[in-house]
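J.: The structure under discussion is supplied below as structure tokens; questions concerning it will follow.
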Protein chains: 2
Amino acid sequence: MTVKYVDGKFQLSDMSTETITENTVAINSQHNDLRLIFILDRLVHHLHDFARETRLTVDEWGMGIDFLTQVGKMCSDIRQEFVLLSDILGLSVLVDGLSHPKPENATVGTLLGPFHTHDAIEHEHETSICSEGKGEPLLIQGLLTDAEDNPIEGAKIDLWECDENGLYDTQYPDREEADMRGIVYSKADGSFVIKATRPVPYPIPHDGPVGKLLQRINRHPYRPAHIHFIIEKLGYDKLITALYHRGDPYEFSDAVFGVKTPLLFDLVKLGPDLAEKYNMKEDDWYLRWHFKIITESQAKKCLIEKTQADLEIVGKGKYVLNEDGLPIADLD
Amino acid sequence: MTVKYVDGKFQLSDMSTETITENTVAINSQHNDLRLIFILDRLVHHLHDFARETRLTVDEWGMGIDFLTQVGKMCSDIRQEFVLLSDILGLSVLVDGLSHPKPENATVGTLLGPFHTHDAIEHEHETSICSEGKGEPLLIQGLLTDAEDNPIEGAKIDLWECDENGLYDTQYPDREEADMRGIVYSKADGSFVIKATRPVPYPIPHDGPVGKLLQRINRHPYRPAHIHFIIEKLGYDKLITALYHRGDPYEFSDAVFGVKTPLLFDLVKLGPDLAEKYNMKEDDWYLRWHFKIITESQAKKCLIEKTQADLEIVGKGKYVLNEDGLPIADLD
């Protein structure tokens, strides 16, 4: 089947459940944004194939329209229900992973999530990012190197976590300043030491249509305990990641699929020596982690290689790669 | 790749851009609604494959989220922007076609559209469904038979159209009663005669995000001139269709893909004989159409046969067919 052109101009023709797809793609392709043409081409193919493969009924289509409308209604300045929907369908973590592939010897990234802010303040080493009285104290001893284990000095390490109630500071209506979040810079030997609290599992917002969907399909809304990190240093690829508590009840069923095996940490007791050294208690918690980041050029190389390799396997439709290594429509 | 079960319970594991899909499908499948399991399975596969094939970037994903949010914000009691989005992506007409396949000798269906109401009144034959002063008069001479050309008596024929401004009565804020719409019942010989006006092309609502998308990809929002029909008779398959004006400037570029070749009508002048017979003018317009509807059992048979034949070609994933002939998850 081919679409019809008259005097070089596209014409919809012979529309049926079989021909609708190529006709829709053709009418969407009469402009010069080759990336958008390719994205709409694949979108329309998948949308139509979804309907054809499921024989989606008019009633089911209507339920889908209603659901999306409810999701839209739930969105506000402080609530993004479409992001939640993307999260619980595994799309968010997939898109993140596609854009940020890492070499095997580097720390993998994971979801940024909705709770990062830009008002966290810088902390001295060995101080706590948490206000007095929050949760069970945790000492974090970090090491930051490149992929070849050379220490990286002066990198900005931005970390944040929920409190003992499973809430981020931004979820409290009376929030006045940053809490449970802070910035520390790595020392000359790549090390950093910061105090925080033991993170706890918490549910994603589930009082809206996405929560109803989870309930309908027998899924819980919880995320396992974790601590978020953004690590930045000029010339290096910005790392957005999180560390997850191995042994958490939701370790194997994170509602938003953020857990990756290489990001699991064992939570252990601090013990007498470290407790004394850092002025904490033996029974406080201890987390030690070695972060490995890559240079911008390593990241770009990795992205382009992975994209090309993947597209040889999963590539569909007519495309060429643009200068960023992304597929765009090939109109020839 | 296979997903992991421990003690019969599913566990997310080894999450990567490759394994996320089967893990998401598995965690969505822990309930007993086999149709929903199958629909979510195909939805997640297509959503993820779309991202993988396009290498959708985080920024592009964000633009998609923003777009859907704007579409949601545009929805109200009198505006369904998600339906418009479905319409301009060809999904609505596809879903309609999948659910209502017709044998070759029957009139094909097409989009219902958003302008049907339930307050149209019954009209005598040879009277007009349009109030005084509306548009250019049109005489419609119809014949209703079954697929074997046997006349069908007493079928309810519900028709509606826009006025000379391209607006349906419901689009006027001061609407008091039905106009440009009416119901007529077929006579013993299957015939019906009703007066209306010549329909004109009109744009779908395009002051929202869907209109912006159309503009961005160089598409116009117009529909070619058409008249809607719903034909109902006990024991017969309800026909939802529309007739389109052949030669309309938008015949080959209907914004919502409703035009089907067998539904094109030639608009001709009434001429002296018919003008005299029906008390109209020679220069008024004339439309003659033979509608052929099928029985409910013919429709069900056609649907099941077409579904099975199509699924042999386009079927994906593990499924069996339920009693309605729809694919459901096959968990064995």
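J.: Taking the stretch A:257-271 as the search range and keeping residues that are assigned to a helix (DSSP H, G or I) and not hydrophobic (A, V, I, L, M, F, W, C), which one is nearest to A:Ile293 (Cα to Cα)?
T.: Ranking the qualifying residues of the stretch A:257-271, first place goes to A:Pro262.
J.: Here's a follow-up. Within the stretch A:73-93, is there a residue that is of a type in the set (S, T, N, Q), buried (at least 19 other Cβ atoms within 10 Å of the Cβ), without any contact (Cβ under 8 Å) to a residue 60 or more places away in the chain and outside any helix (DSSP H, G or I)?
T.: Yes; the residues of the stretch A:73-93 include at least one that is of a type in the set (S, T, N, Q), buried (at least 19 other Cβ atoms within 10 Å of the Cβ), without any contact (Cβ under 8 Å) to a residue 60 or more places away in the chain and outside any helix (DSSP H, G or I).
J.: Return the only residue of A:Tyr319, A:Tyr222, A:Tyr250, A:Tyr244 being over 30 Å from B:Val6 (Cα atoms) and among the aromatic types (Phe, Trp, Tyr).
T.: A:Tyr319
J.: Right, another one. Against the definition (surrounded by fewer than 16 Cβ atoms within 10 Å (Cβ to Cβ) and either within 13 Å of chain A (Cβ to nearest Cβ) or at negative phi (or both)), how does B:His245 come out, yes or no?
T.: Against the criterion (surrounded by fewer than 16 Cβ atoms within 10 Å (Cβ to Cβ) and either within 13 Å of chain A (Cβ to nearest Cβ) or at negative phi (or both)), B:His245 does not qualify.
J.: Let me ask another. Check the stretch B:52-61 and report whether any residue there is without any contact (Cβ under 8 Å) to a residue 40 or more places away in the chain, out of contact with any Cys (no Cβ under 7 Å at 6 or more places or on another chain), within 30 Å of A:Lys73 (Cβ to Cβ) and not in a helix (DSSP H, G or I).
T.: Step one: list which residues in the stretch B:52-61 are without any contact (Cβ under 8 Å) to a residue 40 or more places away in the chain, which gives B:52-61.
Narrowing further to those that are out of contact with any Cys (no Cβ under 7 Å at 6 or more places or on another chain): B:52-61.
With the extra rule that they be within 30 Å of A:Lys73 (Cβ to Cβ), the set shrinks to B:54, B:56-61.
Now drop any that are not not in a helix (DSSP H, G or I), which leaves B:56-57.
Yes, that holds for at least one residue.
J.: If A:Ser253 passes every condition in (1) assigned to a loop (DSSP other than H, G, I, E, B); (2) touching a residue at least 60 places away in the same chain (Cβ under 8 Å) but one, which one does it miss?
T.: Answer for A:Ser253: the failing condition is (2).
J.: Continuing with the same structure: Scan the stretch A:284-327 residue by residue and report those that are buried (at least 20 other Cβ atoms within 10 Å of the Cβ), at the interface with chain B (Cβ under 10 Å from one of its Cβ atoms) and among the β-branched types (Val, Ile, Thr).
T.: Of everything in the stretch A:284-327, just one residue is buried (at least 20 other Cβ atoms within 10 Å of the Cβ), at the interface with chain B (Cβ under 10 Å from one of its Cβ atoms) and among the β-branched types (Val, Ile, Thr), namely A:Thr307.
J.: If you check B:Leu234, B:Leu274, which single one turns out to be assigned to a helix (DSSP H, G or I), modelled with pLDDT of 95 or more and more than 18 Å from the chain's Cα centre (by Cα)?
T.: Unique residue meeting the criteria: B:Leu274.
The values are calculated or read from the model by the stated rules, or taken from the named source; none is laboratory data. For clarity, every value in this text was computed on a predicted model and none was experimentally measured. Here Cβ is always computed from backbone atoms with ideal geometry, including for glycine, and neighbour counts include all displayed protein chains.
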